[in-house]
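What follows is a set of notes on a single structure, which appears directly below.
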Protein chains: 2
Amino acid sequence: MTLRRITVDDVRQAAGGLAGTAHRTPVLTSRILNDAVGASLFFKCENLQRGGAFKFRGAYTALRRLAKCKDVRGVLTYSSGNHAQATALTARILNIPAVVMMPHDATPSKVAATIEYGAEVIRYHRHTTDRELLAAELAGDRGLALVPPYDDPDVIAGQGTVALELIDEVGSLDAIIVSLGGGGLLAGTALSARELLPRIDVYGIEPMAGNDGQQSLKAGRIVRIPPPVALPEGALATHLGELNFDIIRRNVTAIETVTDPEIVAAMRVFLTRMKLLVEPTGALPLAALLSGKLAVRGKRVGVIVSGGNVDPDRLALLLRERFAEHDFPEVAHRLAN
Amino acid sequence: MTLRRITVDDVRQAAGGLAGTAHRTPVLTSRILNDAVGASLFFKCENLQRGGAFKFRGAYTALRRLAKCKDVRGVLTYSSGNHAQATALTARILNIPAVVMMPHDATPSKVAATIEYGAEVIRYHRHTTDRELLAAELAGDRGLALVPPYDDPDVIAGQGTVALELIDEVGSLDAIIVSLGGGGLLAGTALSARELLPRIDVYGIEPMAGNDGQQSLKAGRIVRIPPPVALPEGALATHLGELNFDIIRRNVTAIETVTDPEIVAAMRVFLTRMKLLVEPTGALPLAALLSGKLAVRGKRVGVIVSGGNVDPDRLALLLRERFAEHDFPEVAHRLAN
């Protein structure tokens, strides 16, 4: 693979391609959360994007390019769920056959939606299969074009359109906070944000149990970890992508981690205070803000809410679990004052 | 009381007063729901309003006028919850003492929020107390100005700003659908919508168990019913307001009813398909649309989502109840195709 340098021009081109097809998602604010965190927060709601997550942007940008090649027989990808849905939906829009590999423990509604959009789904065991190896084999056997979920210039450019829209709408920001899995959204965001606002702080947030990104930034190279066990299924990649790490290394201020209970508390705050359904991965940035892990007091802060695909049964369970707001005296105290 | 005729100019004046204080809430769309209903739906999301409901608009408009009177000692109101919260929040913003009467079965989080905003809360039994009589007595005893929840020109003008914003944003509409309790939102909406778009159809939706509005429209006079038992606590008024009925009678196309299971199915669709938390009252219009009770095929339809204040415990219960999408073969079928 040629390491073609991705620039904000690629992001702008992706934005042009997405216009009229992707939603321009709303930017919401909450006085209660501003007071709780002591900053001006601007929530870019990609949970309200088509397919329920920002992933539509990257998948559509990548498949649109492929659709222009006359000899494309179909696409293959692998994903815990949101990129799967986005690829299947995009493939249907562009009329391309799609094969999607999904892990054994993927959210049932994400699997159902992917099949409903017309993709062929192949399941694999997340703890025993090297999904990238299997994907390369399958793509070769079937003559399909591989669209990786994050380590791809078109995917990164597509994801970068989120920050482009956010900054276009709210103007200058001091910081922008993004959830981190394989690094597609973080790399795209860093690219756009730093180009438009060179002094902006860019933060990536990942689950404490899967902090390969934090380790990688510290080590100055991509660190690989065993498949992590944590709630945010969209942030359980075992390593950053190469293109992604190259951009992240140069542009990201810091990577912080949060725990599952902190994530559930943030989901609950989104639901009760902002009336938004946000999935665990999408709640990573607010979890970091509410637990006071980021130095943002008095600042203007962009918060990317990456997705909202949660099964109702699972949501019911999380709502009834006893790790709620009141188990986080600091969060409860902040929200009350 | 003088029956001062309320006009769209009152609504415009209310809009001016609310600018910069109320949220201009987003208008969201969903291709899946458009396909399911066979119409272009524009959801005006007042569940994302301050205080979690449209009620902020009316309360602020009414209290702002009162705050200009030098001899105002404080305000008194009665409400199942959303107008209570809105009055308490508004009173705090305007620095006026507030007393709020709330029924014995009000949602606990609504009571908590009302107290948290600094209001004095007085509880009454919804089935045995004439709340309007008690309110008049209390207001007289304490020298407080009474701000009724819906039968008030300023409240109606404030609620009318929702439709004003919606039509300003999306342009022409063939129909607009609104939940109906005492008639504040429906009257305000009818006033704005009919003035801006004289041919628009205006629909009010109320719970089947409390269809006093439907009966009143048919009878040509305000029909009073015993306190109804149904899920949408914001739509359990026993009768329409006088000012409200006068406007509704002249401007509303029809009033339709829905059942509790239809409401829960609509709440679930909001949550899973649009990632929005909507309270039972707010789900009335979508419940009517999904059960095919309105002739809107091929039309451009405004849907006012009135509020999103649901207790997490109650939500968990509703999510686990077995009356869900799949119990409505017609809804499930529409959503799948």
Residues of region A:90-109 satisfying the condition of being surrounded by fewer than 24 Cβ atoms within 10 Å (Cβ to Cβ) and free of Cβ contacts under 8 Å to residues at least 60 places away in the same chain: A:Arg92, A:Leu94, A:Asn95, A:Ile96, A:Pro97, A:Val99, A:Met101, A:Pro103, A:His104
Scan of region A:115-138 for residues that are within 14 Å of another protein chain (Cβ to nearest Cβ) and either on the phi > 0 side of the Ramachandran plot or not in a loop (DSSP other than H, G, I, E, B) (or both), ordered by number: A:Ile115, A:Glu116, A:Gly118
Unmet criterion (only one of (1) surrounded by fewer than 23 Cβ atoms within 10 Å (Cβ to Cβ); (2) away from every other protein chain (no Cβ under 12 Å)) for B:Leu63: (1)
Any chance A:Asp141 is out of contact with any strand residue (DSSP E or B) (no Cβ under 9 Å at 6 or more places or on another chain) and not in a helix (DSSP H, G or I): no
Listing of helices (runs of 4 or more DSSP H) fully contained in region B:148-219 that carry 3 or more residues being more than 17 Å from B:Val252 (Cβ to Cβ) and among the charged types (D, E, K, R): B:161-170
Residues of region A:195-238 that turn out to be within 23 Å of A:Ala163 (Cα to Cα) and not aliphatic (A, V, I, L, M), as a count: 13
Subset of region B:276-298 (residues that are β-branched (Val, Ile, Thr) and buried (at least 24 other Cβ atoms within 10 Å of the Cβ)): B:Val278, B:Thr281
Matching residues in region A:95-138 - criterion: being within 10 Å of A:Gly81 (Cβ to Cβ) and among the β-branched types (Val, Ile, Thr): A:Val100, A:Thr107, A:Val111, A:Thr114
Residues within region A:217-275 that are within 14 Å of chain B (Cβ to nearest Cβ) and either among the aromatic types (Phe, Trp, Tyr) or open to solvent by less than 40 Å² (accessible area, probe 1.4 Å) (or both), tallied: 11
Of all residues in region B:1-38 being surrounded by 20 or more Cβ atoms within 10 Å (Cβ to Cβ) and in a loop (DSSP other than H, G, I, E, B), the one that is farthest from the other protein chains (Cβ to nearest Cβ): B:Ile6
Qualifying residue in region A:284-292 (condition: in a loop (DSSP other than H, G, I, E, B), more than 14 Å from every other protein chain (Cβ to nearest Cβ), closer than 17 Å to A:Asn34 by Cβ and not polar (S, T, N, Q)): yes
Some residue of region A:299-308 being in a loop (DSSP other than H, G, I, E, B), open to solvent by 10 Å² or more (accessible area, probe 1.4 Å) and not polar (S, T, N, Q): yes
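Residue-by-condition table, conditions (1) more than 18 Å from B:Glu165 (Cα to Cα); (2) free of Cβ contacts under 8 Å to residues at least 60 places away in the same chain:
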residue: B:Ala19; (1), (2): no, yes
residue: B:Arg24; (1), (2): no, no
residue: B:Ser30; (1), (2): yes, no
residue: B:Lys44; (1), (2): no, no
residue: B:Asp71; (1), (2): yes, yes
Selection status of A:Gly58, open to solvent by less than 10 Å² (accessible area, probe 1.4 Å), assigned to a helix (DSSP H, G or I) and either out of contact with any Pro (no Cβ under 7 Å at 6 or more places or on another chain) or within 17 Å of A:Ser192 (Cα to Cα) (or both): yes
Selection count where residues are open to solvent by 10 Å² or more (accessible area, probe 1.4 Å) and under 20 Å from A:Ser80 (Cβ atoms), scope region A:186-213: 3
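The values are calculated or read from the model by the stated rules, or taken from the named source; none is laboratory data. Given the structure is predicted, the values throughout are model-derived calculations rather than measurements. We place every Cβ from the backbone using ideal geometry, glycine too, and count neighbours over all the protein chains shown. Ligands, DNA and RNA are stripped out before the accessible areas are found, and what is left, the full protein with its side chains, is counted by its heavy atoms. Shrake-Rupley method; radii C 1.70, N 1.55, O 1.52, S 1.80 Å.
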